[in-house]
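The structure under discussion appears below in the form of structure tokens.
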Amino acid sequence: MTRIFDPSDLPLPDQAAGDDHPVIHELRELSMWSEGQVWCSPERHGQITGVMKTQIDHLPLSMGGMRPTQGRTLAVMQVSAGSQSFNSVNTLRILGRWMRMFTIPNQSSVAMAYKEFGDDDRMKPSDYYDRIVDVMEELVRFTILMRPHANQLVDRYSERKAAGRKIVSEDHSAIAIGRS
């Protein structure tokens, strides 16, 4: 199942006291619901837009003991009004890593995006379209491959220590096979 978040009414970070705003709640609930995410930003002035960064800034690393992004797969894309660039996808990769997500190797950058859509607002058949399909297929594959291992891959020493769970310092192989 796919869900799309519309950031149109998202306030700026620190604008809503205690982050108590319905659109912030929606964004965080969708992030918690997801197994994989697609982050797509227009490139403006050689970088992601403020709206994209605002969305990411509203996703805390930890929320009531839950992590809304950690362990999820991520696909990154960008659209540009001019020539093809990879500045935004590179920034989104860095942000995804910071948010403890597994960013897939494939990505998409659509140059002169205004030429790539028809009057019906659907993308026209093209190499760019094919590339987006390739990225989405890869996201689904990586998400399915990661699904049975996600908890093990995000199991962190510092969090086990803070939770008072037993730590066996001499046998690191236990962590690798999920017996920590």
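The values are calculated or read from the model by the stated rules, or taken from the named source; none is laboratory data. Note that the structure is predicted; figures quoted are calculated from it, not measured. Positions of Cβ are generated from backbone atoms using ideal geometry, with glycine treated the same way; all protein chains shown enter the neighbour counts.
Observations
- Screening ASP130 with (1) surrounded by fewer than 16 Cβ atoms within 10 Å (Cβ to Cβ); (2) touching a Leu at 6+ places or on another chain (Cβ under 9 Å); (3) at pLDDT 95 or above; (4) not polar (S, T, N, Q) gives one miss only, at (2).
Conditions (1) closer than 22 Å to THR69 by Cβ; (2) in contact with a strand residue (DSSP E or B) (Cβ under 6 Å, 6 or more places away or on another chain); (3) at pLDDT 80 or above; (4) surrounded by 10 or more Cβ atoms within 10 Å (Cβ to Cβ), marked per residue:
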{"position": "VAL140", "(1), (2), (3), (4)": "yes, no, yes, yes"}
{"position": "LEU145", "(1), (2), (3), (4)": "yes, no, yes, yes"}
{"position": "GLN152", "(1), (2), (3), (4)": "yes, no, yes, yes"}
{"position": "ARG156", "(1), (2), (3), (4)": "yes, no, no, yes"}
{"position": "ARG160", "(1), (2), (3), (4)": "yes, no, no, yes"}
{"position": "GLY164", "(1), (2), (3), (4)": "no, no, yes, no"}
{"position": "GLU170", "(1), (2), (3), (4)": "no, no, no, no"}
{"position": "ALA174", "(1), (2), (3), (4)": "no, no, no, yes"}
{"position": "ILE177", "(1), (2), (3), (4)": "no, no, no, no"}
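- Annotation note: Cβ proximity below 9 Å between a residue of the stretch 1-16 that is aliphatic (A, V, I, L, M) and a residue that is part of a loop (DSSP other than H, G, I, E, B) (sequence gap 6+ or interchain) occurs for LEU10/HIS21; LEU10/HIS58.
- A Cβ distance below 7 Å, combined with a sequence gap of six or more or placement on separate chains, defines the contacts here; from the stretch 21-47, residues that are touching a residue at least 24 places away in the same chain (Cβ under 8 Å) reach residues that are aromatic (Phe, Trp, Tyr) and surrounded by fewer than 17 Cβ atoms within 10 Å (Cβ to Cβ) in the pairs LEU27/PHE5; LEU30/PHE5.
- Residue in the stretch 39-54 that is surrounded by the most Cβ atoms within 10 Å (Cβ to Cβ), counting only those that are under 18 Å from GLN107 (Cβ atoms) and among the polar types (S, T, N, Q): SER41
- Pairs, first under 24 Å from GLU116 (Cα atoms) in the stretch 66-93, second charged (D, E, K, R), C-beta under 7 Å, six or more apart: VAL76/ARG93; GLN78/GLU43; SER80/GLU43; SER85/GLU43; ASN87/GLU43; SER88/GLU43
- Pairs meeting the criteria (first residue in the stretch 131-142 and aromatic (Phe, Trp, Tyr), second residue modelled with pLDDT of 95 or more and surrounded by 13 or more Cβ atoms within 10 Å (Cβ to Cβ), beta carbons under 6 Å, at least 6 apart or on different chains) are PHE142/THR73; PHE142/ILE104.
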